[in-house]
1. So what's the range 1-99 giving for Rg/Rh, alpha carbon basis, Kirkwood Rh from the mean inverse pair distance?
2. Starting from the Kirkwood Rh over alpha-carbon pairs, what translational D in µm² s⁻¹ does the range 25-79 have by Stokes-Einstein at 4 °C and 1.567 mPa s?
3. In whole percent, how big is the carbon plus sulfur part of the accessible area of the range 30-69, probe 1.4 Å, protein atoms only?
4. Just to make sure I understand: if all protein chains stay in place, what is the order of K66, K158 by accessible area at 1.4 Å, largest first?
5. In Å², and per residue, what accessible area does the range 1-78 have when probed at 1.4 Å with the other protein chains present?
6. Give me the percent of Cα-Cα pairs in the range 1-49 that sit more than 12 Å apart, rounded to a whole number.
7. Provide the packing ranking of 22-29, 120-127, i.e. peptides ordered by the mean count of other C-beta atoms within 10 Å per residue, highest first.
8. Excluding same-chain residues fewer than 8 positions from K29, which lysines have a Cα within less than 18 Å of its Cα?
Amino acid sequence: MKYSVMVEYALHSLVYLIDVPPEESIGIKDLSEFQGLSETYLSKVLGKLSKAGIVSSVSGVKGGYKLSKKPEDISFWDVVKAVEGESPIFQCKNIKANFANQTENCDSCASGTSNCTINIVMLEAEEQMWNYLRGKTIAWLEEELNRTLPSERIAMAKEFFHKKNN
């Protein structure tokens, strides 16, 4: 299992948007410059977040992005789902039907009503991971970063976006 780096950039971008006042936004140019990314790539990331209702775009000269929800209402799972989609990580290939001349159709694998023990275990494991990610929010992430990062680094990031916005 592997999530794309888009998930990481999405989470970082959301942290930078936390302190943006409601009447302001942060431009894609500033967000991409700060993270060392191309504007095109980060636009794809933020487009997915926007489509999911996590961020909203503001047009105009001072346009950019801002959070559409409170940080405590945006979970890691919301971000993963927006960026990666909701397809299960484990993809049952219905090999049970080929085992020992079985002719049983395994259409239930994708529906969540599977009778395949392997599929059941894998889907349950995914659900536990998703529940864990649902319990971690952008607000929690900000608290953790404030607790673990040097205050100078946090101040530098905030100052970067404050200067760019004024």
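1. Details: Rg = 16.4 Å, Rh = 14.6 Å.
Rounded to two decimals, Rg over Rh is 1.12.
2. Numbers: Rh = 11.6 Å.
Result for D is 112 µm²/s.
3. Details: 1080 of 2130 Å².
C and S fraction of accessible area: 51 percent.
4. Numbers: K66 55, K158 100 Å².
Ranking K66, K158 by accessible area, largest first, yields K158, K66.
5. Details: 4130 Å² over 78 residues.
Using a 1.4 Å probe on heavy atoms only, each residue of the range 1-78 averages 53 Å².
6. 63 percent
7. Details: 22-29: 15.9, 120-127: 13.8.
Top of the packing list down: 22-29, 120-127.
8. The qualifying lysines are K44, K48, K62, K66, K158, K163, K164.
The values are calculated or read from the model by the stated rules, or taken from the named source; none is laboratory data. Computed from a predicted structure; not experimentally measured. In this analysis, Cβ positions are derived from the backbone assuming ideal geometry, glycine residues included, and neighbour counts consider all displayed protein chains. Just the protein is used for accessible areas: all its heavy atoms, side chains included, with ligands, DNA and RNA removed. Shrake-Rupley method; radii C 1.70, N 1.55, O 1.52, S 1.80 Å.
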